[in-house]
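Inspection log for the structure reproduced underneath, given as structure tokens.
Quick note: the coordinates plus some simple rules give every number you see, no bench work behind them. All figures in this text were calculated on a predicted structure; none of them were measured in a lab. In this analysis, Cβ positions are derived from the backbone assuming ideal geometry, glycine residues included, and neighbour counts consider all displayed protein chains.
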């Protein structure tokens, strides 16, 4: 066993790149098979076992039976509770135990609430002998715990103290008559030698204290683990076989054993395997290999099934493999409009091989937990698209089985997977079933999966409206409007069949009614056109919304439209002032003919009116264009009123910051759709108005303002750069620098110039550098 | 007077000569040591000696997230056995932190606590070094951070600076994409960076020939080096590995496994150049591979290293950089002659400005 080393060490050193192909926490997937429903609950923690990183955590996992306490209980031959034993052995301090030994009054009091101490009260010899051992064990434990603080370099075992404990232990061992306690002292002495790295002593002490023929109980296996540790260091073939024996016999030492033995060559493997005393121990060898990263669990399962099919490790490895399979077959993200199972799992030869093994296990009458294997067999059958056989297997799982509820879920999953075309009738049938079947109607995972499958089918059938409404409410993606989608939704609303229960859900469940659907779609189309400055079309769409909708829709009657949208955001005095308090709606006071309804329609009409005024009144055109530029800047990505026409979220009613990092968290089934990629914004609209204002103005103050605002608009052209706080040397567009240059060269005498030099850091920096 | 004039002329001449043909030293060569044991062989020491290596970047430990304890833990701690060059060497401790660990730490307490633990452990480990033979001025962190973990990682660096004032220079490894897209990925708050010029290909892609050094791919990333805010040195690869596939999916990397190893072993069948089929399940380089798995071997050619340096020189423009080779190993010492390493470094020397 020349190259026997710690497996986790080897794997960590073998690569500096982590490839968590299978067990990536971030790979979210649907899970229809409860892998924690194992017949041996002590195996559950090994479902997440990763070499060197310990076990996972599971609510369902019962702690492995505390074999140490069971051993004590057996020794005491009396009715004592494990809780009381645990309190004495694990919780009480050295001083507390010493006091109970010496102070009879204290013992009497404590014995009232502890069944073990009650025994001490009646059995003085037990109190003395057991107490003495526990006091010795407490001292040993102190050393055993040293060195477990990974971060503390000074946390080391005290060799002198260990030597003293070893000597003391050997003396007591020689005197002790009680066989149970004698073996306990023996274990402590061997462990002290192990910690002192006296490897010869560990082996000789083991042979002396536990000669052949010794009863192989808990403490024997604990000592054997230490012997295996030395054998591992000495590259002895027997080490792994001994670890396997400990693994089988001591559930609480399994993790430690797994982390301790592994192989790096076939000769060592074969030599060690031969030394195993039972098939169950050999099964541990295959399990250990099957638990390594990237192992082929199927091959290891086949090996175990040939020698120990009833081993609880069979279920463990099978459940781990099913986790891998369902992660690949049912990811919650998909890369293309292809229905489940994903990743071509139905073509996997390994999965077919695995299914054959599952079937054999399910048919093996000597196996106790056959429903586990039937369920697993059916599940893999579904993934391989063998629906008839899978449905038959699932239907045969009786209602009193632990696996019945899962079988019912899988029967519904089978129906979803078997869909080739989602016609109106099938959709209605499946919808009604998931609404009404008590066994599945509360299964959130299944409901989500239903949405994914339906959406993918509708997309495949180019029915984007139903795909969208299966997933979203009307305003879920309000910030990212797409004309094709809106028109598809309009068409669906016009042609849907409300007698079909699924279509009825899509209209009534999502919109409320056909008329409200039309109102919302007209509003959203209007916003789409408004965002693009297509005012006539926007006005036409908004005009189609009925009066009731205009009154109740918070988006139509926006808070942001009624006050400061015309505010010149040159300097920052209003930064901390709520919009409602910013009474700068001077435009409406100055031009009473403009509409003052403060909703999307009136806003679009106002923009249109200003355009018309600019065209018809050349003397004031510069002023109108400037105001239009201001409005577009304010509703732009860094404007204070973006929610007015972009459906952005507000920032506590003050101003809306549009973050470059603000990516939409949407279902991945819609990945690749333009309307989910980004929000629409172009600085060109505001920019063009400031350019027009600049060209048509004869007033230096207004020109200076237009130039400055033009630079501000240009700054929004590359928002990722603008908002990057780490970027000390941002580069803006050519027009940005030209505007500042023009401002500095030709408008330094204006009052506005002096204002911004004082208030604007960007401009101040520019002037200082140039 | 005559003598003085001659002296003045001589001094002027020296200045003139020095100004016209500056004698520049080749960029420094250093290595990474990325093993569990610091037990440097004589061959490795001779190799470093012949290359006048003065600095060794040594992985001290890795930091992973322990699921059971729900906390960051150090693993694979360096076991310092033997290293004596007979002269003083600068040791740069390197700590590798997994990105998933960074992502799982609570901000700011979890990060601060990790920084405190790391600083104390590093200080203890550094204190054990023989000060006659080694000195430590710099600390390097290696983490492939993402946008999600950036704030945690950058805070960890800031916290380490706070807890380890005795360290005069902090550096961090930088991936190619982190330079090209630095305005998005951010720049770690360190004094210098080391660009890892390897692991750049698409490991999972069937047609990928060499994911360690794929110069076509590298070219698409060589942007923004002139404006990148940190001084960068370059880490070049001197290693090989095999990529293990099962049913066309990548499973893992097997380090130091070359085509030669597989050609000699009857358990493997060569399918095409650098591509092998596993005929019988067996152990190879300590890893158990299964029947029907496939392996793609990848390594480094001298010519590719030369091309890499040329590409980098162009990308860096007037900026200079040193070379660090990943990683020091007996196998590497045999495969890559010192002259190659010297010539790579020599290629970086600026042409005299006459």
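Remarks
- Inter-site label distance for residue A:537 and residue A:238 at 7 Å from Cα along Cβ, in nm: 8.6 nm
- Cα gyration tensor shape for the range B:240-298, rounded if a/c is under 1.5, else prolate or oblate: rounded
- Among beta bridges that DSSP assigns inside the protein assembly as shown, antiparallel share in %, nearest 5: 40 percent
- Per-residue Cβ neighbour counts within 10 Å put B:123, B:175, A:769 in the sequence A:769, B:123, B:175, beginning with the fewest.
- Calculated FRET value between residue A:700 and residue B:107, using beta carbons and R₀ = 41 Å, to 0.05: 0.20
- The shape of the range A:323-528 can be summarised by an equivalent ellipsoid whose semi-axes, obtained from the alpha carbon gyration tensor, come to 39, 18, 13 Å from longest to shortest.
- Extension gain from residue A:216 to residue A:352, taking 0.36 nm per residue of separation minus the Cα-Cα distance: 44.7 nm
- The range A:177-231 and the range B:228-273: distance between their alpha carbon centers, rounded to Å: 45 Å
- Rounded if a/c under 1.5, otherwise prolate or oblate - the range A:121-220, Cα gyration tensor axes: oblate
- Quick note on the range B:94-152: its Rg to Rh ratio, both from C-alpha atoms and Rh being the Kirkwood radius, is 1.06.
- Geometric descriptor of the protein assembly as shown, per residue, is 263 Å³ (volume of the convex hull of the Cα atoms).
- Diffusion coefficient of chain B by Stokes-Einstein, Kirkwood radius over Cα pairs, 37 °C, 0.692 mPa s: 146 µm²/s.
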